[in-house]
Amino acid sequence: MEKIVTDVEEQAAVAALKRMISHPSYTQDAASGAPFGRDIRLALDEIVAICQELGYHTYEDPDGYYAYAETGAGDETFGIIGHVDVVPAGDPADWDTDPYTGTVKDGVIYGRGSQDDKGPTMAALFAVKALENRGYHFNKKIRFIFGTDEETLWRGIAKYNEKEDPIDLGIAPDAEFPLIYAEKGLQQSYLVGPGSTELALDLQNAFNAVPGKATYNGPRQADVKAALDRHHFAYQETANGLVVTGKSVHAMLAPTGVNAVLRLAIALDDVFPMPVLDFIGQCFKEDATGTNLLGDVADEQSGHLTVNISSLTITPEESRMQIDMRIPVTVDHDDLISRLETAVQSYQLTYEHFDYLAPLYVPTDSALVKTLMSTYQDMTGDDTQPQISGGATYARTMHNCVAYGAMLPGTPDFMHQVNENWELSRMNKAMAIYAEAIRRLCCDEK
């Protein structure tokens, strides 16, 4: 098999990735031409500049929602969909390197976005350039599509789909190899109920993470401590109160985590009977599959429903929970929500919609999946089968599109974490896989 990607493209990809990492492109206040903040717009400008330097035709939405770059020609369009935004780095003091510098040491590149999703996007971009440098001719138009608020509400890619023609097939390099052919539906909502003058709580966390800590510094701490002991829940006594400890994981893996907010709420329900606490303590409990609440919700294609309650606030005016559900691909969404609304009524709770992403399902016997899978297997010798995910990638926003890499099996997961990094050898391997896959799908033989 011909070596398509050389040191030239590998080094150029790293240099371009450093440029992208230098932009702290997390969502901030809107500005003119920058609906998600100036730094995201500057990152969008940067990736357009990189593509122009490669000789590609580019278009940047003047309002700052998206951009694209393309090369090749043909009746069909092959899309490669990535995003230029990242999550905040948190406290830079917690990092071993500057999160927005793109530091290379010991064969590893460090920086926010190195894994998610600036690194994979650069790997795919320079894989295409390597094909051109080796003299291949594209029989399809190759279009790179760059979104801007993937980490929040996907408004940039929605604007792209509103204004631009659809692709015919494609990949999102924003997950893991070998390939994800099904992504569960993603519903994020609130459950809202009566408030309380007896108890105040402000336990706020991201929708998509199982909370690993929950601090209580309110009244009757001795009673709450006794309740935690009765339930055998781990906690620490600190100067700031009781800190219930759990295990934080991504919401799509909620059954493998330990939800500290739920554990604290269960203990609080022993001490402060009120509707929202009764709901958690007597109905939901720690059931991250939602079976206690909705029964057994599953299908053969994508497994069980997962449910994550990540935040709980109680004020005199209201109680409010955040709930994240990853819904099996064949389950009727509207019916499930109707059942949820009915189930919570007895606890004086009402349902409020926040965001919904429809599921993805591309059959494993499709030409796209078969070609991508055979490429991966030929390049790695790994016979792992295509996967199902509770996560969400831009692949679900496009026709005939799947998440393909860029993380190889065994790659330590640093997405959204301190010291995010990607080994350059793994980046180079991903680039080689992308080049061969795109050659098979989009190129004439020499």
Exercise. Within the stretch 1-54, can you find the residues that are more than 13 Å from residue 118 (Cα to Cα), not in a helix (DSSP H, G or I) and not aliphatic (A, V, I, L, M)?
Worked result: 2, 3, 6, 27, 28, 29, 32, 33, 35, 36, 37
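Per-residue answers, yes or no, for (1) over 21 Å from the mean Cα position of the chain (by Cα); (2) buried (at least 19 other Cβ atoms within 10 Å of the Cβ):
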position	(1), (2)
121	no, yes
125	no, yes
129	yes, yes
134	yes, no
138	yes, yes
148	no, yes
155	no, no
167	yes, yes
173	no, yes
For this session: Would you confirm whether any residue within the stretch 386-397 is farther than 30 Å from residue 202 by Cβ, of a type in the set (Gly, Ala, Ser) and touching a strand residue (DSSP E or B) at 6+ places or on another chain (Cβ under 8 Å)?
Result: yes
For this session: Go through 162, 150 for me and flag whichever is closer than 26 Å to residue 67 by Cβ, of a type in the set (D, E, K, R), outside any strand (DSSP E or B) and in contact with a strand residue (DSSP E or B) (Cβ under 6 Å, 6 or more places away or on another chain).
Result: 150
Seminar exercise, completed: Within the stretch 1-48, residues under 28 Å from residue 426 (Cα atoms), of a type in the set (A, V, I, L, M) and without any contact (Cβ under 8 Å) to a residue 12 or more places away in the chain come out as 15
Problem set entry | Subset of the stretch 380-409 that is more than 23 Å from residue 116 (Cα to Cα) and out of contact with any Pro (no Cβ under 8 Å at 6 or more places or on another chain) - its residue that is least open to solvent (accessible area, probe 1.4 Å) | 381
Exercise. So is residue 270 part of a helix (DSSP H, G or I), open to solvent by 50 Å² or more (accessible area, probe 1.4 Å) and in contact (Cβ under 8 Å) with a residue 40 or more places away in the chain or not?
Worked result: yes
For this session: Mind listing whichever residues of the stretch 343-357 are under 21 Å from residue 194 (Cα atoms) and among the aromatic types (Phe, Trp, Tyr)?
Result: 347, 351, 354
Exercise. Quick one: in the stretch 348-357, which of the residues that are open to solvent by less than 50 Å² (accessible area, probe 1.4 Å) and not acidic (Asp, Glu) is farthest from residue 397 (Cα to Cα)?
Worked result: 349
For this session: Would you mention how many residues in the stretch 419-446 are surrounded by 21 or more Cβ atoms within 10 Å (Cβ to Cβ) and assigned to a loop (DSSP other than H, G, I, E, B)?
Result: 1
Exercise. Taking into account only those residues within the stretch 71-94 that are part of a strand (DSSP E or B) and farther than 20 Å from residue 154 by Cβ, which is nearest to the chain's Cα centre (by Cα)?
Worked result: 78
For this session: Would you confirm whether any residue within the stretch 16-30 is open to solvent by 40 Å² or more (accessible area, probe 1.4 Å), closer than 16 Å to residue 155 by Cα and among the small types (Gly, Ala, Ser)?
Result: yes
For this session: Only one of these is aliphatic (A, V, I, L, M), closer than 26 Å to residue 193 by Cβ and in contact (Cβ under 8 Å) with a residue 24 or more places away in the chain: 340, 360, 368, 372. Name it.
Result: 340
Exercise. Counting only residues that are part of a strand (DSSP E or B) and at pLDDT 95 or above, which one in the stretch 369-418 is nearest to the chain's Cα centre (by Cα)?
Worked result: 403
Exercise. Can you name the number of the only condition in (1) open to solvent by less than 30 Å² (accessible area, probe 1.4 Å); (2) in contact (Cβ under 8 Å) with a residue 60 or more places away in the chain that residue 198 fails?
Worked result: (1)
Seminar exercise, completed: Filtering the stretch 328-368 down to residues that are in a loop (DSSP other than H, G, I, E, B), closer than 17 Å to residue 292 by Cα and among the small types (Gly, Ala, Ser) yields 346
Exercise. Yes or no: residue 264 outside any loop (DSSP other than H, G, I, E, B), in contact (Cβ under 8 Å) with a residue 24 or more places away in the chain and under 23 Å from residue 392 (Cβ atoms)?
Worked result: no
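The values are calculated or read from the model by the stated rules, or taken from the named source; none is laboratory data. Not measured: the values here are computed from a predicted model. Counting neighbours? That spans all protein chains shown, and the Cβs are built from the backbone with ideal geometry, glycine included. Accessible surface areas use protein heavy atoms only, side chains included; no ligands, DNA or RNA. Shrake-Rupley method; radii C 1.70, N 1.55, O 1.52, S 1.80 Å.
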